[in-house]
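The values are calculated or read from the model by the stated rules, or taken from the named source; none is laboratory data. Predicted, not measured: the structure shown is a model, and the values here were computed from it. Ideal geometry is used to build each Cβ from the backbone, glycine not excepted, and the neighbour counts take in all protein chains shown.
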Amino acid sequence: MIIREVEYLNRKLMIRGEPRRVSPAVSAISVSANNAPQYGKDVVSYHLSNASSRYAACVLYRGVENISPPYYFGNAFYAVYTGKINGQPSAFWLGSNLVSAATPQSPGSNYALAPLKLGSQNDLACFVFGVPPQSIIEILEGGIPDASKINVMTAYEVTLGSLGSYCVYYNQQAVKQYISQTGYSVTPPSDPFPENTVPVIPVWKGMPGNEIYPGQYVRAGGCT
């Protein structure tokens with residue numbers, strides 16, 4: 001299914017304040033976006049292009065004018081994606097340090113979630129994408145009427161760490177409002193919940209560190 005995220009953000013719950021100015025990243029991966037009505041209403045298509053001769057992975061940082069401040073794709077409702085939406089899986093936690101494991105099978109297929117390590121005890125959770133060498137992959141996001149309104153759009157290159165145990169926390173109110181607003185059938189996990197996954201580490205050290213909702217983070221180790 002196509003992930004629709006920004007249209008369901010709750011501004012009353014969101015962290016106040018805009019992230020600091022974001023500088024362009026030095027990355028093997030570049031990103032562009034265009035409207036993709038062939039996939040449905042208000043769907044945009046991102047093209048992640050890897051010009052290098054090696055496999056590369058990235059996280060996608062973007063905002064949408066008058067709809068959403070910039071943040072990492074997948075960070076808002078990863079607890080929802082961990083379960084099923086209307087009985088269908090919508091994402092999976094990355095379980096291999098092979099970059100190819102994070103490559104979507106198709107533009108609207110399930111995307112990989114991972115803890116993004118930004119130098120603090122608490123990591124951010126978001127989608128990570130693997131892009132084969134000298135190739136382009138397409139990923140989709142719904143709920144964006146006009147691709148030209150996407151701003152601060154950056155594909156930050158990351159490397160993959162080793163499989164380990166993590167404890168994942170999320171904002172229960174954000175999940176509840178998502179369910180009530182969409183009308184979808186979702187059974188969220190416990191808060192917090194344990195997950196075995198692979199962390200991703202920034203290649204570029206100037207990445208923004210803002211989350212979209214308070215109280216959402218991932219911490220290495222088990223849940224106690």
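The rows are residues; the columns are (1) acidic (Asp, Glu); (2) more than 15 Å from the chain's Cα centre (by Cα); (3) in a strand (DSSP E or B).
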residue: 144; (1), (2), (3): no, yes, no
residue: 154; (1), (2), (3): no, no, yes
residue: 162; (1), (2), (3): no, yes, no
residue: 167; (1), (2), (3): no, yes, yes
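Residue 112 meets the stated requirement of being closer than 19 Å to residue 211 by Cα, crowded, with 23+ Cβ neighbours inside 10 Å, modelled with pLDDT of 95 or more and aliphatic (A, V, I, L, M). A search for C-beta distances below 6 Å between a residue of the stretch 124-137 that is over 15 Å from residue 106 (Cα atoms) and modelled with pLDDT of 95 or more and any residue that is among the basic types (Lys, Arg) and assigned to a loop (DSSP other than H, G, I, E, B), counting only pairs 6+ apart in sequence or on different chains, returns 133/54. Screening residue 210 on (1) closer than 19 Å to residue 5 by Cα; (2) not in a loop (DSSP other than H, G, I, E, B) shows it passes everything except condition (2). The residue of the stretch 93-123 that is farthest from residue 198 (Cα to Cα), among those that are touching a residue at least 60 places away in the same chain (Cβ under 8 Å) and part of a strand (DSSP E or B), is 111.
Of the residues examined, residue 52 is not one that is out of contact with any Ser or Thr (no Cβ under 7 Å at 6 or more places or on another chain), closer than 27 Å to residue 10 by Cβ and either at pLDDT 95 or above or in a loop (DSSP other than H, G, I, E, B) (or both). Selection of first residues in the stretch 171-182 that are under 14 Å from residue 213 (Cβ atoms) and of second residues that are assigned to a helix (DSSP H, G or I) and of a type in the set (Val, Ile, Thr), restricted to Cβ pairs under 7 Å at least 6 apart or on distinct chains, gives the following pairs, ordered by first then second residue: 175/80; 178/80.
Assessment of the stretch 103-119 against the conditions (within 24 Å of residue 46 (Cβ to Cβ), among the β-branched types (Val, Ile, Thr) and in contact with a Phe, Trp or Tyr (Cβ under 6 Å, 6 or more places away or on another chain)) yields no matching residue.
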